[in-house]
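Have a look at the structure below before the remarks.
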Amino acid sequence: QVQLVESGGGLVQPGGSLRLSCAASGSIFSINAMGWYRQAPGKQRGLVAVIYSGGSKNYADSVKGRFTISRDNAKNTVYLQMNRLKPEDTAVYYCKVVTGTGGYWGQGTQVTVSS
């Protein structure tokens with residue numbers, strides 16, 4: 001079993017920045033990918049950014065140039081640096097880790113962008 005602990009959400013003004021963290025622990029033998037998804041009220045959960053074991057990254061078009069995903073392999077931790085935040089970035093952000101045994105979700109952390 002894999003446990004994920006997210007942190008870093010909160011309330012920020014438009015144009016501000018936040019950094020999300022997600023630490024994985026438990027029966028981790030190999031991590032194939034680590035990523036962030038988000039779900040706004042009334043909308044489906046969608047991919048924000050993902051980083052693969054080889055280091056390649058993918059971003060949703062709406063966050064390209066503003067968000068940066070990174071990972072610390074030694075700590076089994078993935079980060080999401082979010083800059084120039086917009087009100088439409090408001091959502092619950094979920095971490096997902098894919099290992100050889102399956103995909104695992106974090107509990108979610110609220111990000112609210114409002115003046």
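The values are calculated or read from the model by the stated rules, or taken from the named source; none is laboratory data. Note that the structure is a prediction, hence the values are computed from the model and not measured. Using ideal geometry, Cβ is built from the backbone for each residue, glycine included, and neighbour counts are taken over all protein chains shown. The protein model used for the area step is the full one, side chains on, heavy atoms only, and it has no ligands, DNA or RNA in it. Shrake-Rupley method; radii C 1.70, N 1.55, O 1.52, S 1.80 Å.
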*Given H placed 1.01 Å from N in the peptide plane, which residues other than close sequence neighbours of Val48 have an amide H under 5 Å from its amide H?*
Trp36, Tyr37, Arg38
_Difference of contour (0.36 nm per residue) and Cα-Cα distance, Gln110 to Asn32_ = 25.5 nm
*Per residue, how much accessible area does the chain have with a 1.4 Å probe, in Å²?*
52 Å²
*In nm, spacing of pseudo-spin labels at Asn58 and Gln3 (7 Å Cα→C-beta vector)*: 3.1 nm
*List the relative contact order of the chain as a percent without decimals, with contacts defined as Cα pairs under 8 Å and 6+ residues apart.*
37 percent
*Take the chain, connect every pair of alpha-carbon atoms lying under 10 Å apart with a spring to form a Gaussian network, then pick out the residue of Ala24, Ala60, Ala91 with the largest mean-square fluctuation.*
Ala60
*Could you check the simple spin-label distance between Gln13 and Leu47, using points 7 Å along Cα→Cβ, in nm with one decimal?*
3.5 nm
*Given H placed on each backbone N at 1.01 Å, which residues far from Lys86 in sequence or on other chains put an amide H within less than 5 Å of it?*
Gly15
*Carbon and sulfur atoms: what percent of the 1.4 Å accessible area of the chain do they account for?*
48 percent
*Check cross-link reach from Lys43 to the aspartates and glutamates: straight Cα distance under 16 Å, and skip same-chain residues fewer than eight apart.*
Glu88, Asp89
_Inter-probe distance in nm under a simple model that places probes 7 Å from Cα toward Cβ, at Gln39 and Ser70_ = 2.9 nm
*asked:* Once you order the gyration tensor axes a ≥ b ≥ c over the Cα atoms, which shape class does the chain get: rounded for a/c under 1.5, otherwise prolate or oblate by comparing a/b with b/c?
replied: prolate
*Would you tally the net charge around Arg66, using a Cβ to Cβ cut-off of less than 15 Å, leaving Arg66 out, and scoring K and R as +1, D and E as -1?*
+3
